[in-house]
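The numbers here are math on the coordinates, done by the rules we state, and not lab data. Here the structure is a predicted model, which is why all the values come from computation and not from measurement. Note that each Cβ is placed from the backbone with ideal geometry, even for glycine, and that neighbours are counted across all protein chains shown.
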Amino acid sequence: MQTRVARVFKIFTKGSDLFVIGGYIFSIIYAALIIIPLYFIIVSAFKNNSQIILTPLALPSRLDFSKFFEAQKNVNVLRAGLISIVITTGAELLTLLLAFPAAYAVARIQTRLSTLVETIFSLGFLIPGLAILMPIYMMTAKAGLLYHPIALVILYPAFNLPLTMILLSGFMRKLPRELEESAVMDGGNVLQIIYYIFFPICMPGIITVLVLNFINIWNEYLFALILMDSNNRTIQLALALLRANQRSIDYGLIAAGVLISMIPVYIVFVFFQERIMSGMLAGAIKE
Amino acid sequence: MTTSEKLIPLKEKTFSNEEYGRRNARRRRVSFFFLVAPALVWFLAFMLWPLLNMFYISTMRWDGLNLPKKFIFLDNFIKFFHDPKIAIALHNTGTYLLVGIIGVIPLAFMLGFFLSLRKPGYRVLRTIFFTPAMLSVAALAMIFLGLYRPDGMLNSFLNVLGLSSLNQVWLMNKSTALFSLIAIDIWGGIGFNSVLFFAALASLPEELYEAAMLDGAGYWTIMWKIAFPLMIDFIGVVTILQFLSILSGAAYMILLTGGGPGTATFTLGYYLYDQAFLSHRLGYSQAMGVLIFFIGIVVIVLIRRITSRLSRY
Amino acid sequence: MNKKIFSITIAMLMIASLLLTACGGKPSGPVTVTIWHNWGPDDAKYTAFKSILDDFRAANPDINLVDEVYVDSDIPLKVETAVTANQEPELVFTGGIGNAFTWVDSGVAVAVNDYLTEWGLADKFLDSAISQYSTADGTIIAFPIEGFSWPIWYNTKVLESVGLGIPKTTDELIAAAQALRAAGKDGPVVASGADGMGGKLFELILQSAMTDAEAKASLGGGDWTIPNAIKGVETFVALRDAGVFVDGVEGIDYGGAEARFGTGEVAMCHYGAWAFADDAMKPVAADVQLGGFPIPAGSPHQLPVYFKAFSAKGIFITPNGQAKIDAVEKFIKFIFQPEMIARLVESAGMNPSIKDVPVDESKLNPLFAQTLTMEAEVVFISDTYMPGAVTTDFGRITQEAFAPGTTAEKILADLAAAYAAIK
C-alpha cells in the first residue's frame, strides 16, 4: 500500500521538503500573529492610556516601571500570584491522584461498569458553573472552609476530573496489552503496575492534562470570587481589581498586572517542557 | 477474550477454568471499584448534586438569590418556543460552532503534526503557539479591543496596506461582529489545539514514519494516511472539547460586545449568563443550562459515533 | 516524577498552606464590623476614605473595622450569595441601581427609615438623595453617600476654532457639527457607542425632549407611545444623521472616547464627575467648560440638561449589620459628619448627599467647582426606575442606535419589545 500511495502522491515525495517549507511559513506567520499582540501588552505596561490607545504598537518613550509597582501596591499581585500557584499545585496533584487510578481502571480493566463510569464523568462537561455556585458556597461555608484557599484546592479537581479522565483513559487505551503482562510476570499487583509502568509511559498524556488543568485553574474567576475574600485573592481577582475603579480604566496598569501574572505561567510551562523531553526519552530507552 | 487480556494474579493458577473466570471477574470488579471510587466520589459530591439542582431550578421561577422560588413546571421550556431571542441565540451559536470548529480543528491537526516532526525550532514555536491559552481574560480583552477599535490596530493595518476602504467598526457592525469574535477563538484555538495534537502525536513511535518514508511517502501522505487514522479518537475528543467550550462560552461576548449590536453576537452561552447575572431570571437561565446540557449530550454521542466508525476503517 | 520531588512538593504545599492560614482569616476580638466597597487605591476617593476609616478606628478602639475592596460589579453577587450562608459583611457600599431595590424585600438589606429618625439623621440628608434610595412604598434602602454629576464637557478651543460658542439647542449643535466637518474636523460629540456609557448619552438626549414623568413612564414603564418619547428618539436619530457624532462612534468604547477627547480634537463628550481628575483629560482640562446637552425645539426644559444623582453609592445595612447595630450606628454617624464628607468632596469631587458641608473652595477640583455653578437643568437619571431585567437589552439597543442606518422606528419597536418581554 505504501508504494501505491507513493506513486499516486509522487509529487509529494520531494515535497517532504515542500511540506516542511509550507509548515514553516504558516508557523511563522501564525507565530507573528501571536507575538504582535503579546508585544502590544508588553509595551503598554510602560505607557499611559492615551499612548496605548492612539499609538498601540509604538515603543514606549521611557522604560517607566511605575505601573508595575502600582499594580503591586494596589492589589498585591505577587501575593495573589503566590496564592494562585499554591492552589494550582495542590489542585493539580489532587486531580492526578484521583484521576490516574480511575482512568487506568476505566481503560484497562474489563468490566461493564467502565462505560458507565466514563459516561458519568463525561456529563461533567455540560454543567455550567453558575448552576452549582450556590450549593457549593453553602457546602464550603458549612465545612468552615470559607475564605481559605484549601477550599479551592478541594473544589477544582472536581471540575477538572471529566477532562482529565477522558484524556488519560483515551491515552491508556491505546497502549499495548503486553505492558500488563510483563508486570504480571514480575508478580506485581495493580497499584505497582500503575505506578511503575503506566505512569512513566503516559507522561505525554499526563503533561497534557496538567497543562490543560493549569489553565482552567489559573483563569478561574467565579468560584474564586465567591469563595475567597480580599485577603486570599487569586491572581484573576487581583487583576480584575485593577480595573475596579467604576468607570475609568488604566490600560497600562492592566497590562503590567497581566505581565506579572504571566511570569509564573511561563515558568511552569518551560519547566514542564523539560519534563516532557526527559519523560519521553526515558520511554524510548526502555523500549 | 484471550488470557493475555485479563489481569491474572499468579496465585490463582490452581483453580478450574470456570471458577477462574468468575473469580477473576469479581476480582477485577473489586480492583475497579477501589481505583475508581475516590475520583467518583469527589466528582459526584461536587457535580452531581448541583446538576440535579440545575434541573430542579429549571422548573422554577426564581428572580433573585434571596427571593422565593415558585414552581412553574415546564413553563420555562415552553417559553423557549415563544422567545424570539432563543431562536436568534441558537442561530448565532450554530454559526459560531460551524465556523469555529472547521476553522480550528483541521489547521490545528496539521500544525500539530508539523510540530511533531520536531524540525529545528519546534520547541520555540510550541511555546509561542500555546501563549494565547495562557493569556488571562483581562489580557485578551485588552488585546482585542485594541485590535478592533475603529481607530485600532486592524484598521490602521488596513490603512497602511492602502485598504482603508475595508475599514470597519468591527465589533459594532452587525455583519462583522460575530465573525470578529469567532476569529478570536480561531486565533487561540489553532495554537492551543495544535499543542494538544503535538502531545498525542509525539507518543507515536518514529519508526512508523520512517517506514513510510523509506517507501517514498511524503509528509503530507504520512499525515493523512498514517497519523490521522491513528488519531481519530483523539481528534474526536478535541473536537468535543472545542465544541463544548464554544457552546457554553460567553467570555468574549461579555467583554467586548455585550451580545450586541442588537443581537448580532447574542449566543446561547451569553443568554444564560445574561439571564442569571444581569436580568436575574435564575429559573429561566437554568432551563437554558438544561438545554445546553442536552445539546451537548447529543453532540458528544454523535461525534463518538462518527469517530468510532471512522476508526474502524 | 520521582518520589523525592513528589514529597518535597507536598511538604512545601503544606507549609505554604499553613502560612496562608496564618495570614488569612478574620481576626477575632472586640466587635468586628466589615465593610465591602470598591474605593480601592485606584479610586480618587481612596485617600480621603482611608483617612476617615483610620480616624474612626482611632476614636473607637472597641470596634474592629475591617474594610475589603472588591470589583464594583461583583459586590451585589457576593453579597447576595453571602447572605444565604449568613456570611455577609455588616455594611455594603454599592450603587442604588437595579436589583439593589429588591434587597429589603428579599432580606439582603434592612430598611433604614427608622434608623434615620432614631439617629437624628433624618434632616441631614438632601431630599433628592433620599428619594433616590426610596422604593415606591417609601422604604429607604440605604444611606446615600456618593453623589455625582454627569455633565457634557465642551472643549471651548475647538468650538472657537470655527468661530462658535457653546450650543444650547440642537439646531445650534447641528450647525456646529456642519461647521466643524466643513473645516475638516470630525463630528463634535465623541461617545462610547460600544458600551453602557454611550447608552446614558442616548438616554440624556431622549430625556431632553421629555418631562421627568414621561421619562419614568417610558424608560421605566416601557410605554413608548408617548409623543415626547418618540420625539426624543427621533431627535437622537436626526442628530446622528446630521453628523453630530464622530465617525465610527458605535465602535468606540469608554477608554477610547476619553482618549479621543483628551487629544483635544473633539468638541464634546459626556463624562461624569469621576473623570475630573483623570490623566487622560488633563491635557484639555483647562479648555473645558461644563454644561448640559443642548435641547431640541419645543422641549419642556429651559436649559441644557444633564444628570445629577446619588445612585452611585449608598451604604446598605445587612442583617449581620443589624445584629451589631450599635457599632454600625457609631460608624454611620461618624462618616456622615460634615467634616468627614468634606474630605471626600474636596479631594475627589464627590457631590455630598448631606446638607451644609463645609468645603474649602480653594481645594476643589476646578472642573468640579464648575458643576456647582453651571447653567443647566437636572434630569432624573433612570438608574432608580429602569427595571434591572431590561438594562442589558437596552444596552444592546443603544449600541445599534449609534450605528448609521438604524431608523427611529426600529429603535422604538425594539424598545417596546424589550420592555414587553420582561413583563
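Observations on the model:
- Separation between Cα centres of the stretch C:375-423 and the stretch C:48-84, rounded to whole Å: 34
- Cut-off 15 Å between beta-carbons: net charge of the residues surrounding C:Gln207, Lys and Arg +1, Asp and Glu -1: -3
- Table column - 3J(HN,Hα) (Hz), the stretch C:121-131, Karplus curve with 6.51, -1.76, 1.60, x for Gly and Pro: 9, 3, 8, 6, 7, 5, 4, 5, 5, 4, 4
- The peptide list A:36-43, B:233-240, B:73-80, put in order of mean Cβ contacts within 10 Å with the highest first, becomes B:233-240, A:36-43, B:73-80.
- Dipole of the protein assembly as shown, positive direction: furthest Cα of B:Leu140, B:Val301, A:Gly170, with charges on the beta-carbon: A:Gly170
- Debye intensity ratio in log₁₀ form over the Cα atoms of the stretch B:25-66, taken at each q of 0.17, 0.33 Å⁻¹: -0.62, -1.00
- Integer Hz, Karplus 6.51/-1.76/1.60 couplings in order for the stretch C:292-305, x for Gly and Pro: x, 8, x, 9, x, 4, x, 6, x, 9, 9, 10, x, 10
- Entries of C:Lys78/C:Lys216; C:Lys185/C:Lys231; C:Lys78/C:Lys200; A:Lys67/C:Lys216 with Cα pairs more than 32 Å apart: A:Lys67/C:Lys216
- Using a Gaussian network model of chain C in which every pair of alpha carbons under 10 angstrom is joined by a spring, one finds that among C:Ser353, C:Ser106, C:Ser149 the greatest mean-square fluctuation is at C:Ser106.
- When C:Ile317, C:Ile174 are sorted by how many other C-beta atoms sit within 10 angstrom of their C-beta, beginning with the fewest, the order is C:Ile174, C:Ile317.
- Among C:125-134, B:82-91, sorting by the average number of other beta carbon atoms lying within 10 angstrom of each residue, highest first, gives C:125-134, B:82-91.
- For chain B, a Gaussian network of Cα nodes joined below 10 Å ranks B:Val299, B:Val99, B:Val30 by mean-square fluctuation, and the top entry is B:Val30.
- In straight-distance terms, cross-link reach from C:Lys124 covers every one of the aspartates and glutamates whose alpha-carbon lies under 16 Å from its own, apart from those fewer than eight places away in the same chain; here that gives C:Asp114, C:Glu146, C:Glu329, C:Glu339, C:Asp356.
- Here each label is just a point 7 Å from Cα along the line to Cβ, and for A:Ile36 and B:Asn159 those points are 1.5 nm apart.
- Among the residues of B:200-209, the average count of other protein chain beta-carbon atoms within 10 Å of the residue beta-carbon is 3.
- Dividing the Cα radius of gyration of the stretch B:82-312 by its Kirkwood radius returns 1.03 for Rg/Rh.
- Alpha carbon centroid spacing (whole Å) that separates the stretch C:284-300 from the stretch B:251-286: 35
- Distant-in-sequence amide contacts of C:Ser192, defined by a placed amide H-H separation under 5 Å and a gap of 5 or more residues or a different chain, comprise C:Gly198.
- Diffusion constant of the stretch C:244-401 at 37 °C, which comes from Stokes-Einstein with the Kirkwood Cα-pair radius and 0.692 mPa s, µm²/s: 175
- Rh (Kirkwood; distinct C-alpha pairs) - chain C, Å: 23.4
- Note on the protein assembly as shown: with charges restricted to the Cβ of Lys and Arg (+1) and Asp and Glu (-1), its dipole about the Cα centre is near 4600 debye.
- Length-normalised contact order for chain B - Cα pairs under 8 Å, 6+ apart - percent: 27
- For C:Ala109, the amide hydrogen comes within under 5 Å of the amide hydrogens of C:Val104, counting only partners 5 or more places away or on other chains and with H modelled in the peptide plane.
- The mean number of partner chain beta-carbon atoms within 10 angstrom of a residue's beta-carbon across peptide A:209-220 is 3.
- When each of the peptides B:247-259, C:272-284 is scored by how many other beta carbons lie within 10 Å of its residues on average, the order from highest to lowest is B:247-259, C:272-284.
- Hits among aspartates and glutamates - C-alpha to C-alpha of B:Lys119 under 19 Å, sequence gap 8 or more where chains match: A:Asp17, A:Glu274, B:Glu206, B:Glu207, B:Glu210
- Rounded to whole Hz, the Karplus (6.51, -1.76, 1.60) HN-Hα couplings of the stretch B:279-295, x for glycine and proline: 9, 6, 10, 5, x, 5, 5, 5, 4, 5, x, 5, 4, 4, 4, 5, 4
- Lys/Arg +1, Asp/Glu -1 at C-beta; the stretch B:73-203 dipole; positive extreme among B:Leu117, B:His91, B:Ile105: B:Leu117
- Whole-percent pair-distance distribution, where bins are 20 Å wide, for the alpha carbons of the protein assembly as shown: 12, 41, 33, 12, 2, 0
- From the alpha carbon centroid of the stretch B:140-189 to that of the stretch C:152-214 is 27 Å.
- Taking 7 Å steps out from each Cα toward its Cβ at B:Thr176 and A:Arg173 produces label points 4.4 nm apart.
- Within a Gaussian network of chain C (alpha carbon springs, distance under 10 Å), most fluctuating of C:Val69, C:Val108, C:Val158: C:Val69
- Between the amide H of C:Asn365 and those of C:Gly349, distances stay under 5 Å, these residues lying 5 or more places away or on another chain, with hydrogens modeled in the peptide plane.
- Neighbouring Cβ atoms from other chains, within 10 Å of the Cβ of residues in B:77-89, number 1 on average.
- Dividing the Cα radius of gyration of the stretch A:44-164 by its Kirkwood radius returns 1.19 for Rg/Rh.
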